[in-house]
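Visitor: Right, I'll just put the structure down here and ask away after.
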Amino acid sequence: MILDGKEKSKKIRSWVKQEVEQIQQPIKLLVILVGNDPASQIYVASKEKACHEVGIDTQTWRFDANITQKELIGRIRQANEDNTVHAILVQLPLPTHLDEKQVINEIHPWKDVDGLTIANQGKLLNQMKGIVPATPLGVMHLIDEYKLDLNGKNAVVIGRSALVGKPLALLLLQRNATVTIAHSKTTNLKEIIKQSDVVVSAVGRGHFITADMIKQGAIVIDVGITRVFGKIMGDVDYQNCLDIVSYITPVPGGVGPMTIATLLENVVECYKNQL
Ligand code: NAP
């Protein structure tokens, strides 16, 4: 069965729209974009568009790639103190002369819409209410939409980034899955995948998970995105896995739309944090 992120994301967007209407106050996401990376420009434009569709205001501060660490931190502090800004997103990656972790941790945790500050990461680790990164939270919403029970299941998360792999592993653990985190140095990845009832891939290598690796009846969630001649490709060979899996996310139309919808939900959460 297909885990339809497009459909579920529509429901979340319409919930966000209703929330925004009920709040009856302007809600604003501030995006900080440093440099001219073309992919970042596209991501920012799609976030702005999604916000406008549900009535969330956006503002984008564009800084030259040469901005200093001190200057950038100064601007984040300014945004923290601005009561008209409810959520702050620093578009990653930053140019290499900037210390990404330090910059992110200058964002006030209440306004940290990506859930990447140490404060929000710590809350997730401790199962306290905080802002959870949009992609992992979106995956969990999709799992919940289809009422998938993870209790006692063997799950593998392939990828260990702070944005996707690690938080996803924690969220699956909270649902009582037995979680393995795999990465580029994992030696027996094929065997681990073959034994897994739940496979979540967040690597970014087109179709590197093939049908022969998947256990019969597994749940497969494909976070990966690779662009090949302008087309988007997932980590999983979707077509050939369809007959083997019990549930699978397509790419596009699976986790991607969930990420955007959950980001909007996080903006509303940030607003509520500040009430
Ligand atoms: P990332 O920081 O580059 O992490 C990739 C992870 O994959 C790393 O942990 C890396 O291991 C691991 N890896 C690389 N090659 C591997 C291999 N051969 N076997 C096993 N693991 C391997 O990327 P990310 O930000 O987590 O994103 C992952 C993917 O998801 C990307 O394709 C990205 O575009 C996509 N993404 C999609 C959405 C969406 O909405 N659908 C949202 C966010 C990200 P090491 O740690 O050892 O290097």
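The values are calculated or read from the model by the stated rules, or taken from the named source; none is laboratory data. Model, not experiment: these values are computed from the prediction. Cβ placement follows ideal geometry from the backbone for every residue including glycine, while neighbour counts extend to all protein chains displayed.
Visitor: Every residue in the range 15-26 that is surrounded by fewer than 18 Cβ atoms within 10 Å (Cβ to Cβ) and either within 14 Å of N266 (Cα to Cα) or hydrophobic (A, V, I, L, M, F, W, C) (or both), please.
Guide: Selection gives W15, K17, I23.
Visitor: With among the hydrophobic types (A, V, I, L, M, F, W, C), away from the ligand (no atom under 15 Å from the Cβ), outside any strand (DSSP E or B) and modelled with pLDDT of 95 or more as the only criterion, which of I260, I244 stands out?
Guide: Criteria check complete, one pass: I244.
Visitor: Taking the stated definitions as given, is I56 buried (at least 19 other Cβ atoms within 10 Å of the Cβ), under 20 Å from the mean Cα position of the chain (by Cα) and under 19 Å from L94 (Cα atoms)?
Guide: Criteria not met by I56.
Visitor: Follow-up question, since we're still on this one. Would you mind stating whether G230 is at pLDDT 95 or above and of a type outside the set (S, T, N, Q)?
Guide: No, not satisfied.
Visitor: List the residue pairs whose Cβ atoms are under 7 Å apart, where the first residue sits in the range 155-170 and is within 22 Å of T187 (Cβ to Cβ), the second is among the acidic types (D, E), and the two are 6 or more positions apart or on different chains.
Guide: Between residues of the range 155-170 that are within 22 Å of T187 (Cβ to Cβ) and residues that are among the acidic types (D, E), the close pairs are A155/D197.
Visitor: Moving on to the next point. If you go through the range 115-134, how many residues are part of a loop (DSSP other than H, G, I, E, B), out of contact with any strand residue (DSSP E or B) (no Cβ under 6 Å at 6 or more places or on another chain) and under 17 Å from I12 (Cα atoms)?
Guide: 2
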